[in-house]
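Below: the structure, in structure tokens.
Taken together, the values in this text are just the output of simple stated rules run on the coordinates, not laboratory data. Keep in mind the model is a prediction, meaning the values are calculated, not measured. A quick note on method: Cβ atoms are made from the backbone with ideal geometry, for glycine too, and the neighbour counts reach across all protein chains shown.
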Amino acid sequence: MSPSKLLRSTCAAFLCTLFLAGLFAGGVTHYSYATQFREAPNASPSTAHVFGTDGLGRDLFARVLYGTRVSLVLAPAAALLSTIIAGVFGSFAGFMGGWFETLILATADLSMALPLLFVLLALRALLPLNIDPIVSVVVTFILLGLLGWPASLRVVCAASQNLRNSDFLLLARATGCPRRRIILRHVLPNLRPVLLAQFWISIPLYVLTEATLSMLGLGVMEPLPSWGNLLRGLEDFSVVHANPWRALPLVLLVVVVISFQLILPAQEEIA
Amino acid sequence: MITRSLWGLLLFAFAVLSPAAQAQSGGELHFCLHGEPKTFNPVLVDDEAAEQIRYLTGGVLIRLNRQTQAVEPGLAASWEISHDRRTIAFHLRKGLRFSDGTPFTSEDAAYTIKLMMDPQTHSPTGDAFRSGEGTVDVKTPSPEVVIITFPAAIAGLDQLFDQVAVMSAHSPKKEMAVLGPFFVAEYKAGSYVLLQKNPNYWKHDAQGNSLPYLDSIRMDIQRNREIELVRFRKGELQLINRLDAEQFERLRQNDPGVARNAGTGLDAEELWFNQVPSAPLPEYKKAWFRNTEFRRAISAAINRDDLCRIVYSGYAKPAYGPVSPANHFWFNSALEKPTYDPKNALALLTRAGFRYEKEMLKDAAGNRVEFNLVTNSGNASREKMAVMIQQDLSQLGIKVNVVTLDFPSLIERMTRTFDYDSCLLGLVNTDLDPDSQMTVWLSSGENHQWNPNQKTPGTAWEAEIDKLMREQASAPADKERKAKFDRVQQIVAEQAPFIYLINKDVLVAVSSSVVGTAPVVLSPQAFWNAETLRLTSGTALGAQK
């Protein structure tokens, strides 16, 4: 096995392990993510608390695991949503061309020009206050998925435009192949590598966006953990300086984002 | 004999080498303003930065001593207040001059008062003096006497003049001619404000030396508190006027001598339930929030000691009520210290018809007790407190949904839509006198947060508070006012419309190169006595440059 393939396999195995650990967090740790051990805030790692505790005395290992569940389950879901939207509209726009393409691209440009943060702020303000933290996190990621399609759409549209002018599509049209069949059997399968790339790129992007939103107090609601609100505890560098183990969520986020980036070429090669 | 001589020599060496002895006049003090001053006009001041500049540059007729919390003569050598608290007569000091040399007379005091009370000026300082309909009458029978008559009685009238920096009626420099220890010499927007010693300042020390000792004060405009702390540690700044608990603890660990705790401050953090009758909440929730026993139970179920210890690293004290113990005169020392007692909380709830079953608290109709607690996003301490309250109340089977909102959305809900269950916010107290809290305590007040702008008081106890607050405002003697405001504090403690949580300590940083500091809880905490501050010789010679 070549070193690059070994690296990719390692990354994939790491992501799978993390994903499963997050999914079955209740079986991995007996601590709740919300219980505050107030006599031990900012405790260093020990046998009782493997990763130590946060500023309110909550077990950091439990919070990282449950936060992983939130971030690694919902970020791919949001990425899938935005990729589907981008795939459907981008491929049609690129293939059809003309006024339809202009309209779709103009809509994408308009969406990209919207200040995402303020849109999310406004939407959050419109939501009812008495919603469960789980609902809040799902809503947050749905919003991210619904608002994150324009960048992917432009890439898919450009790829679709290239296909529109390709020889094999010219041949398909010349043989009288109907437009629906051309899109479903020729265009979309050929867009697969682009769509997969967009999907994989979007996952770390959404993880980071949720982290940013949580940093602003707009993401996942307490006491439910996410990588974002775990990173909030690191706003003050003195906390990290005094309790270096508190930086573990940050290390994890960096490793996960790198892992996603490293396994991405493999997807392209497969496609 | 030899031993005695040696001791004498040692004492002499100590006296010579001690910072106080090394301190000398002159030099430039550096610290930061945390925002851009919006004005240098003292009657228009409405922000913290401008207020700090006004404090350092403005001459006032009466000064509130930040340490003793008592009023002292300023530009007025003496004054008399009429029995009806409408008229105040000032006897001014003679021979004083503004920083540009213009003589100070009663005309200047009259000019300032008239300008401040002119509705066209829109003076925030003047608002405190607007006691009733009608105009303010200002008379100047002589250059040393000014008599001011307000249309209605004003409580704490003398203290209010601490905010009134006298402006010159005749100086071509207008508001830039001042009577305080310093004047504004240079201002670069977004960068710094440079104050220089006022050569005509009227005060002298006990030895007859002219004050202030410092030649100048440079205030860099710096919003980022972390950068401010780094600069302080590098020796570029000599003061930090307010630190948060985490910064203070960090500084204390590295350099215990410079981190100074002035004690419990005036500011409080509090929680309240929405009791607005028209709020878009279910009727059963409104009934909970209007129930005194429910509110008292919530208060008893919150562990304030833990809030102080964990959120504020021990640099806060559990709050008793609306007035902090730091407010020496107005604090009601008879109030009971709030105690964490979940059993009592559950007993109160049971008495109010709630029942605890299957780890859930339900009301008499079987509705689960669940409410949202909103606070502003971006305030880490407040968010931590909300999460701790969430856990405390979960022990009673109460489900609390913590929601952080951006400030405009929060204000919209608090003041217009009333679409929230409970709110956690802080109350900033800058004034000692309870009269400044009229809009909070009067049921018709817009800051009567649990149920603002009422046409008539919704409850008997709110009606009693209204009556007491109006009576204290017009009572002739402070003792009588205090008795009435003590009763207000007692009612608030019993009814718990605001559940007071903590009073934060006032934390400052003062470099060892500054001599004469005595941090206090009133603003400006670290440099209230700027006129008597000195720098040690190395610093005074400009080492900081």
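Quick notes
- Length-normalised contact order of region A:3-270 in % [C-alpha pairs under 8 Å, at least 6 apart]: 26
- Karplus (6.51, -1.76, 1.60) ³J(HN,Hα), θ = phi - 60°, over region B:384-392, in Hz, Gly and Pro reported as x: 5, 4, 4, 5, 5, 5, 4, 5, 4
- Partner aspartates and glutamates for B:K362 [C-alpha distance under 14 Å; skip if fewer than 8 residues away on the same chain]: B:E370
- Stokes-Einstein diffusion coefficient of region B:408-454, Kirkwood radius over Cα pairs, 37 °C, 0.692 mPa s, in µm²/s: 283
- Other protein chain Cβ atoms within 10 Å, averaged over every residue that makes up A:35-41: 4
- By the compact-protein rule of thumb, 2.2 N^0.38 Å, the alpha-carbon radius of gyration of region B:388-428 corresponds to a ratio of 1.34.
- Helix B:478-495 vs. chain B, principal-axis angle (Cα, 0 to 90°, nearest 10): 30
- Here is the result for region B:142-193: no chymotrypsin sites (Phe, Trp or Tyr not before Pro) lie in DSSP coil with at most 14 other C-beta atoms within 10 angstrom of their C-beta.
- FRET efficiency, B:K38 to A:V251 (Cβ-Cβ, R0 45 Å, nearest 0.05): 0.55
- Taking every residue in A:126-139 and counting other chain Cβ atoms within 10 Å of its Cβ, the average works out to 3.
- Whole-angstrom Cα spans of region B:187-321 along principal axes, big to small: 67, 37, 36
- Region A:140-230 - Debye-derived log10 I(q)/I(0), Cα point model, q = 0.12 Å⁻¹: -0.53
- Hydrophobic long helices, here whole DSSP H runs in chain A with Kyte-Doolittle means of at least 1.6 and Cα atoms spread over 24 Å or more along the helix axis, are found at A:248-270.
- Trypsin sites (Lys or Arg not before Pro) restricted to DSSP loop in region B:302-404 with at most 16 other C-beta within 10 Å: B:K358
- Taking every alpha-carbon pair in region A:3-270 and binning the separations at 5 Å intervals from zero gives 1, 6, 11, 14, 15, 14, 12, 10, 7, 5, 3, 2, 1, 1, 0, 0 percent.
- Percent RCO, i.e. relative contact order, over chain B, from Cα pairs under 8 Å lying at least 6 residues apart: 20
- Whole-Hz Karplus values for region B:465-476 come out as 5, 3, 5, 5, 5, 5, 5, 5, 5, 9, 5, x Hz, taken residue by residue from phi with 6.51 cos²θ - 1.76 cosθ + 1.60 and θ = phi - 60°; glycine and proline positions read x.
- Within chain A, helix-based [θ] at 222 nm, where runs of 4 or more DSSP H residues each add -39,500 (n - 2.57), nearest 500: -23500 deg cm²/dmol
- Which of B:S123, B:T112, B:F31, positive extreme of dipole for the protein assembly as shown (C-beta unit charges): B:F31
- In a reduced charge model with +1 at each Lys and Arg Cβ and -1 at each Asp and Glu Cβ, chain B shows a dipole moment near 780 debye about its Cα centre.
- Net charge of the neighbourhood of B:S210, taken over other residues with C-beta under 11 Å away and scored Lys/Arg +1, Asp/Glu -1, is 0.
- Using the Karplus relation 6.51 cos²θ - 1.76 cosθ + 1.60 with θ = phi - 60°, the per-residue 3J(HN,Hα) values for region B:115-123 come to 4, 5, 8, 5, x, 5, 6, 6, 7 Hz, with x marking Gly and Pro.
- Shielding by partners, peptide B:403-410 (average Cβ within 10 angstrom, other chains): 5
- Per-residue packing, averaged as other Cβ atoms within 10 Å, sorts the ranges B:256-267, A:100-111 into the order B:256-267, A:100-111, beginning with the highest.
- Calculated on the alpha-carbon coordinates, the convex hull of region B:69-126 measures out at 133 cubic angstrom per residue.
- Using only the C-alpha atoms, the convex hull of the protein assembly as shown corresponds to 255 Å³ per residue.
- Ellipsoid semi-axes in whole angstrom, largest first, where each is sqrt(5λ) of the Cα gyration tensor of region B:352-429: 26, 15, 10
- Over the Cα atoms of region B:364-493, the radius of gyration divided by the Kirkwood radius equals 1.03; this is the Rg/Rh ratio.
- Environment charge at A:S71 (Cβ cut-off 12 Å; Lys +1, Arg +1, Asp -1, Glu -1): +1
- Taking label points 7 Å from Cα along the Cα-to-Cβ direction, A:R173 and B:N344 give a separation of 8.4 nm.
- Descending Cα extents along the principal axes, region B:276-411, whole Å: 46, 37, 29
- Value of Rg/Rh across chain B [Cα atoms, Kirkwood radius]: 1.01
- Residues of region B:296-340 with amide N under 13 Å of the 7 Å Cα→Cβ point at B:Q490: B:332-336
- A run of chain B free of exposed loop cleavage sites, with GluC sites (Glu not before Pro) counted only in DSSP states other than H, G, I, E and B and at most 12 other beta carbons within 10 Å, reaches its longest extent at B:134-335.
- Here the Kirkwood formula puts the hydrodynamic radius of region A:32-178 at 18.9 Å, using every distinct Cα pair.
- In this Cβ point-charge picture (+1 for Lys and Arg, -1 for Asp and Glu), region A:3-270 has a dipole of about 840 debye about its Cα centre.
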